[in-house]
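These notes are about the structure you will find just below.
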C-alpha cells in the first residue's frame, strides 16, 4: 500500500531555534496513520522555540489533520513555544480561515517568507 503522506524532518537550527517539518501528500486519517510515530516523536523531542510545518507540497487536509494541528499548537503553547504553518495551498488556507485556525496559528505564504522574517 502506498503512503498518502510523507514527512521530512529537518535538523533544528540551533542558532535561530526553529525546526522545519515538510509535508507531502494528504493529511487525512490514512495519511496521519502513515506518519503518526515519526511525527509524534519529532514533536515530543522538539527543543526549539518555533516548529514550522511546511505545507508547500501538502495537497489536502481534513478534520483529522486539523485536530492534530490543534493538539500540537496546544502542546507547544503550554511550553511557551509556537507552531508556524508555511506554504499552505488555497484549499488548506480556506479550511483554516473557515474554522478560525488562521487566527491562532501563524501562517506564512512560503517557507522562504518565514526564513526572511
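Provide the FRET efficiency to the nearest 0.05 for the residue 106-residue 2 pair, computing r from the beta carbons and using R0 = 35 Å.
Values: r = 32 Å, r/R0 = 0.92.
That pair, residue 106 with residue 2, gives E of 0.60.
Given the choices [x] 44, 22, 12; [y] 20, 17, 14; [z] 25, 17, 14, semi-axes √(5λ) of the Cα gyration tensor in Å derived from the coordinates of this structure is entry [y].
Across 55, 27, 96, mean-square fluctuation computed from a Gaussian network of the chain (C-alpha pairs under 10 Å connected) peaks at 96.
Among beta bridges from DSSP that stay inside the chain, the antiparallel ones total about 25%. Remark: relative contact order (the stretch 5-116) = 24 percent; criterion is Cα-Cα distance under 8 angstrom and separation of 6 or more residues.
Taking 0.36 nm per residue of sequence separation and removing the Cα-Cα distance, the residue 45/residue 90 pair yields an extension gain of 13.1 nm.
Each reported figure results from applying straightforward, stated rules to the coordinates on display, with no laboratory input. Everything quoted here is computed from the prediction, not taken from an experiment. Ideal geometry is used to build each Cβ from the backbone, glycine not excepted, and the neighbour counts take in all protein chains shown.
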